[in-house]
Every structure is written in structure tokens, then in C-alpha cells.
Amino acid sequence: MATEVTETVGIVPVEESEDDNAADATGTESEGLVTGTESDEYADTTDPEFSDSDDDKKAVAAETSDDDEEADEWNEVVPPPKDDEYNGLVPPTPRIDSDSDEEEKKFELPYTERPPPSISSVGSKDEGPDFSSYKTNVAERLWRAKTEARKAGVKIAANLEPLARDYQQWRKKMGLLNKYLEEYQTAMEVVSEKRNKLVEHYASMSEDTPLWEHIGKPLTIYQMAEIEESGETKTLEGVELRTKAIAKVAEEIGPGTLMAHQQLAMMQDKLNRLEYQNHIVNYIDEWDKVVTSTLDAEIKEVREISKIKDHYVTKVDKLREKVNKIEHRGKQLAPRVLADQLERNEAKLASCDKLYEKKSNEISIELYEATKRGWVDFYPVMKNVMKFEVNRLGRESSTYGNFYSTLNALKTDYKEASKNTADAPRVGSAL
């Protein structure tokens, strides 16, 4: 657990939380941005205890090639479209075809709402995969929902169409969210750079004038070094130390100058950009990738199993029709070869039915968690967003907040420089 840091004026302390859900469960809230152990790699979320048996997949693969004397058109699985074939904002989700065009029935929730599962203790048999490299809790939440549903023997309707549509809408919303995040990030950087250019020009215009002392005079090399040596910005602790060092220098220089406070503000802007990228952009990016990488692959697998199942349904129907015709016409049993073929394909169909039911049940649980209960993943995002804005405003206040003193000092400079001249401020003058 990260150690608690003291709060600076106008700044929300940033600390590294182990598990935001665990903190909320105890009624306490971390003051830092919601985060986990930072890593550019994603953990392997496959749990050996609950992963699908390779024997099931091998059996289906082997069965599809056994004794099939007819051409199997179902085996021609259409590959996913190339990246340059996508026309929309985000790639479309693989479509799960419904069995009929009948009027859609009212969707039934996969399971009854219940309290979230308790987190297993370290070293527990049921602890599951290691999720410590994730910033978000999304991967762990999806895994727990699926494994708990399997343990409880939850069964739901096989119609995945409503959830598939919800998932498509979720992907569109995430695409727009990423677009707006990037636009806001760019806008903040543009405003910061433009304002800096403007202040630099103000400073150059004040050179060799009585106004230089409180407009254009920059920070000293010692003040700059004090900030640079305060800490690295690659960690939360380093960012916190740098923030405090900048605020300390801003307080020490008092009224300072317009240029000096702008230099400090630009240093703060660098911290703002780091915080925004690490705790908002990267957080949301991981949320998006975890969900899409998990669900897209499983939806594709369910579609392929569905095609295999449809193939055997058609084949069994044809074989049964042949057997029935022979037995009805000649009032005798069908040839042994034909009867064996029918029995063999009926067994394959039963195997496909079982695997399809298992897979469709699992994917429906995950689809429901990612869409209907996606607000659980959205909540930490909003906490990070609000804390970022609080920190940003606090940093700005620690620098630009001194402008009132700078303005008063500048007025004094003008009065002294224009004393006993026609340009001296008169009584009641705004100068």
C-alpha cells in the first residue's frame, strides 16, 4: 500500500492504490488517481483451472473431418476483414446470426443481481490469474463473473443478439470517448504553448524598461536547478515531489515576475500532461483493449461453432430422411453403413450442441458484464478525471494565483518610474 502523502495547497495528493474496489469496500477512498501496478504489457488472463479443455476443441476438430463423404461448405469460414476495410469509427463486432427473423423476445438478464464476490486471499486455490500488471480491474472482473457463473451453474437463453447489439453500441461510445480524449489533450497542449509564446513576447517587449523587474525577468539558474533536482517524473512519488518543489519556489519568489510564474506554470503543465496520459488516456485505453480483445475472440469462436453445428443439423436431417424413405418404402431396415453414418453424425451434433451451449453461456455473461454493468468500470475513470482536474487547477493556482501580487508590484514600478512626469497616475486614475 502506498504511503500517505501530505497535501499541498490546492493540490490533491497523488498516491498509488492497490485496488480501488478494495478501498471502496472498506469505506475509505484514496486521494490519489486510481491506478494499479503500471506496465506496458498485459497479463495472461487464462486460468488453467477454468480454461476450456483442449480435448473438447480437439474432439470437435477431429469429428468434423471423420467420415464426411460430402463436400463441407461450412468449413469455408470467412476471415475477419482487413484493417483498411473498416469504414466506421471503430471496427464492427462480429455479428452473431439469430436462428430466425421472428420478433425479438424480451431479453432476460443472465443472472440475478448479487453482491460482488469477495477477493480470495493470496495463495488461495481459487485466486485465479495474476492481474497485478493491470491498471484497471476490468480483466479480473470479467474473469470472476464468468467463473462464478460457471460454479453456480447459471444457464441463460442462447439468443445473444440483444447483447451483441449492446456490445456494438459500447464500442461506438468507446471510439467517441477516445476521440474526445485526444482532442481535449491536444487543446490543452495548444493553449499552453500559445500562452507561453505570448508571455515570452511580453517579456521581450519589457526589456530595457522599468517594467522588466516584474514582467520579463526569468527564474534564476539556482531556482531552476532546485526544481529539476526535486525528483524524477516517472513515478507518482516523483510527480508529487516535483509539484511541491514548484509550489515552494512560487511561494519564495512572492510577486515574482510574469515570466517567472509562466516558467513555473509550464513545468506544471508537463506534470499535467503526464498525469492525463497515465491515469486517464492509458487507463481508458486498457479498459477498451481488455474488453475487445477478450470478447472479439470469443464471439468469433462461438460463430464458428455455430456454423459447425448448423452443418451437422443439415447433414443429420438429410441422413434421417434417407433412412426413413428406405424403411418406409421397403418396410425393411436401412443399410448398416447408412445407419452407422447417421448415428455417427448425431453424436457429432450432440457434441457441438454441448460445446455451443457452454461457450454461448460464457460469452453472454461477459457481454452482460461489459455492457449492462460497464458502469462499474466507468466509475474509476470518472474518479481519475475529476482528480486530474482538481490537481490541474491546484497547480495553476500555485503559480498564476500569485498574479495579484505581481500586478500590485507592477503598479508600484510604474508609479516610481513615472513620478513627477506627465505620465504619472492622477487621483482617481485606473493606473
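Every number here is computed from the coordinates shown, using simple stated rules; none is lab data. As the structure is a computational prediction, the values presented were derived from the model and not from experiment. Note that we place each Cβ from the backbone using ideal geometry, even for glycine, and neighbour counts take in every protein chain shown.
Here, region 197-249 is characterised by an Rg to Rh ratio of 1.15, where Rg is the alpha-carbon radius of gyration and Rh the Kirkwood radius.
Less than 15 Å Cβ to Cβ from N178, Lys/Arg counted +1 and Asp/Glu -1: what total charge do the surrounding residues give? After counting each charged neighbour, the total is -1. The length gained on full extension between W212 and L338, counted as 0.36 nm times the residue separation minus their Cα-Cα distance, comes to 35.2 nm. Considering region 137-415 at the alpha-carbon level, its Rg and Dmax are found to be 33.2, 121 Å. Oblate is the label for region 147-248. Its Cα gyration tensor axes, ordered a ≥ b ≥ c, give a/c of at least 1.5 and b/c at or above a/b. Pairs over the 20 Å Cα-Cα cut-off, from the set K307/K348; K318/K348; K135/K358; K244/K387: K135/K358. Calculate the FRET efficiency for E357 and L198 from the Cβ-Cβ distance with a Förster distance of 56 Å, rounded to the nearest 0.05. That gives a FRET efficiency of 0.25.
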